[in-house]
Amino acid sequence: MAFPENFLWGGAVAANQCEGAYNEDGKGLCTQDVTPHGIVGPRTEEPTEDNMKLVGIDFYHRYKEDVKLFAEMGFKVFRTSIAWSRIFPNGDEETPNEKGLQFYDDLFDECHKYGIEPLVTISHYETPLHLAKTYDGWVNRKMIGFYERYVRTIFARYGKKVKYWLTFNEINSVLHEPFLSGGIYTDKDKLSQQDLYQAIHHELVASALATKIGHEMMPDAKIGCMILSMPTYPLTPCPDDVIKTMESVHKNDFFGDVHVRGYYPGYMKRYFRENNIEIKFEPGDEEILKNTVDFVSFSYYMSICETADPEKRVGGKGNIMGGVPNPYLEASEWGWQIDPKGLRYVLNYYWDRYQKPLFIVENGLGAVDKLVEKDGVLTVEDDYRIDYLQKHLLQVEEAVKDGVDVMGYTSWGCIDLVSASTAELKKRYGYIYVDRNDDGTGTLNRYKKKSFYWYKDVIATNGESL
Ligand code: BG6
C-alpha cells in the first residue's frame, strides 16, 4: 500500500467562492464583492448583480447538506477559508462580529459530527474591502496589526476545533494579482516593485507572526504556508533558457524559502539590489520570520515553460501566472495545460528543498458539465474529471514511493463553486453538481456526479482502487 495509513483525503473550497450571503449577519464587503469578472474584468465601486459570488452556491445556508455529502464520500478533511470580513466587517475595528464567529463554530461542529477535520485558510483572496480602499491592502504595514487581531480572535475561538491552519492562500500570486491576492487597491500597472515587495514583506512577517501566535495559543496545531505551485521547465536546453527558468522559479521559491528557512534568500537580496528595491525591516522582523511553518501546502493545476527568447515569450491562456505553453502538453477548455507528472516532480522538488511534510490542498479540472438523467436520477457523466484526477493521484503515489512525506490531498472545488480567475459557475470542479447558472438561474439543488462514487472508492480503499 503506497498511501500512508493516516493520509488526509478530502476536498477544498474558499468562503468567497461558495458561501454567498455576502451581506448577511453583519458581514462587511470584501474584495471579491467588487470583482464580478474575477481577474479578467474591471472591479466595480459597489457589488453588482452580475457578480456570481454574492450568492455563490449558498453554502452559508446549505452547509449541513453539503458536509453530509462530503461525509458520504468519506472525507477525512475539509479545507475551507474564514471570510475575514464576516469576523471583522471593516477589518480595522476592535471587536469581532459575533454572528460571523458563530457561523464557523457551527460549520466546524458539523464537520466534527462526521469525523471530518477542518483545514482552515485564514486569508483566501477575500481581504475586507475597507482595508483595500483605505490602506491599500498589504502595502501598508498596519495590515500586520489588523491581521494579528483577526488571527488571535479565530485562534482563541476555534483553537479546540481546528488543528490545521494555512496563513495565506497562494501567497506568491500577489506577484501577478495584487488586488485579488493582497488587497492592493492601486492599479497593477501603477504599482511599483518597491511597494509590491514591501507588501510581500508585510505578508511574510504577518504569516510568521500567525505561526508564532498559533504555536503559543494552540500547541497541538499544525500551521502551514500555501503556495501556488507551477513547475516551470526550460523551453529548450539552451543554457540561457535554463538560467531564465531558474530566475523565474526563484521568484516563487522566495515565498516558501522564507516560510521554511526563516530568512531572506541571497538570490532575492541580489534582485532587490539590482532593481533599487529597499525592503524596510522594522526592529524585530528578522526574529519574527524565524517562526517557520510545520508543513508546506500548495495548489497544483498545471506546469509552464520559460524562455530567454522574447519572441517565444507568449503568455499561456487564462491562468494567474502566465507562462509559455509546453508543446508536449494538452490543455483544458480554459487553456490550463494538463501535466500529471508535474505533480510528482513538484512534490519531489519541494521535499528535496524543504524536508517538510507536504499537503496538496488544491488540484482538479475545471470543465463544463452536463446534467443528464440516468436510471431516473440526475447526474453528470464526468469521466474526463475522473481521468484527470486519477492520473494526478497516481503521480502522488509515485512521489510517496520516492519517499516524499505527503500528508494529504484535498481536490479543489469538491462541490461546484464560482471560479476565482473568471468568476464563472460553468467552470466546474466538483464531485457534486450545483444547479446554478451564470445568468443566475437554477434551483441550487445538489446532484452527485459519477466522480462522487469514484472518489468515495478511492478514499475507502486508501488509494488502492486507483
Ligand atoms: C487557485 C485558487 O488559484 O485556483 C482558487 O486558490 C481557485 O481560489 C483555483 O478557484 C482554481 O482557479 P479557477 O480560476 O479555475 O477558479
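Rule-based calculations on the coordinates, nothing more; no lab input. Because the structure is predicted, anything quoted here is derived from the model rather than measured. No Cβ is skipped: glycine too gets one built from the backbone with ideal geometry, and neighbour counts run over all protein chains shown.
Summary of values
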{"item": "Dipole moment magnitude, nearest 20 debye, segment 8-460 about Cα centre, only Lys, Arg, Asp, Glu C-beta charged", "result": "760 debye"}
{"item": "Percent RCO, i.e. relative contact order, over the chain, from Cα pairs under 8 Å lying at least 6 residues apart", "result": "18 percent"}
{"item": "Segment 416-466: mean projected area of Cα convex hull, nm²", "result": "4.2 nm²"}
{"item": "Whole-Hz couplings from phi, Karplus 6.51/-1.76/1.60, listed for segment 438-449; x for Gly and Pro", "result": "5, 8, x, 7, x, 8, 6, 5, 9, 9, 7, 8"}
{"item": "Cα shape, segment 211-292, gyration tensor, a/c 1.5 rule", "result": "oblate"}
{"item": "Given charges at Cβ of Lys, Arg, Asp, Glu: the chain dipole, positive-most of GLY403, LEU191, PRO47", "result": "GLY403"}
{"item": "Share of pairwise Cα separations in segment 381-466, more than 16 Å, in percent", "result": "58 percent"}
{"item": "Flagged links, alpha-carbon separation over 25 Å, of LYS76/LYS99; LYS64/LYS163; LYS391/LYS426; LYS142/LYS188; LYS133/LYS222; LYS133/LYS190", "result": "LYS76/LYS99; LYS133/LYS222"}
{"item": "In Hz, Karplus ³J(HN,Hα) per residue of segment 231-241 (6.51, -1.76, 1.60; θ = phi - 60°; x = Gly, Pro)", "result": "x, 10, 9, x, 5, 9, x, 4, x, 5, 5"}
{"item": "DSSP bridge pairs, the chain: antiparallel proportion in percent, nearest 5", "result": "20 percent"}
{"item": "P(r), alpha carbons of segment 274-395 - 10 Å bins starting at zero, rounded %", "result": "10, 27, 28, 22, 9, 3, 1"}
{"item": "Segment 92-198 - Debye-derived log10 I(q)/I(0), Cα point model, q = 0.10, 0.15, 0.19 Å⁻¹", "result": "-0.34, -0.70, -0.99"}
{"item": "Relative packing of 326-337, 32-43, which averages over residues the other C-beta atoms within 10 Å, highest first", "result": "32-43, 326-337"}
{"item": "Space enclosed by the convex hull of the alpha-carbon atoms of segment 50-141, per residue, Å³", "result": "116 Å³"}
{"item": "Dimensionless Rg/Rh of segment 8-460 - Kirkwood Rh, Rg from C-alpha atoms", "result": "0.94"}
{"item": "Peptides ranked, highest mean first, by Cβ atoms within 10 Å: ranges 444-457, 68-81", "result": "68-81, 444-457"}
{"item": "For peptides 458-466, 189-197, 253-261, 302-310, sequence by mean Cβ density within 10 Å, most packed first", "result": "253-261, 302-310, 458-466, 189-197"}
{"item": "Amide H contacts of GLN337 (H built 1.01 Å from N, under 5 Å, at least 5 apart or other chain)", "result": "SER303, SER332"}
{"item": "Karplus 3J(HN,Hα) series, Hz, for segment 245-253 with 6.51 cos²θ - 1.76 cosθ + 1.60 (x for Gly, Pro)", "result": "5, 4, 5, 6, 5, 4, 4, 8, 4"}
{"item": "Long-range amide H partners of CYS414 with built H, under 5 Å", "result": "ALA12"}
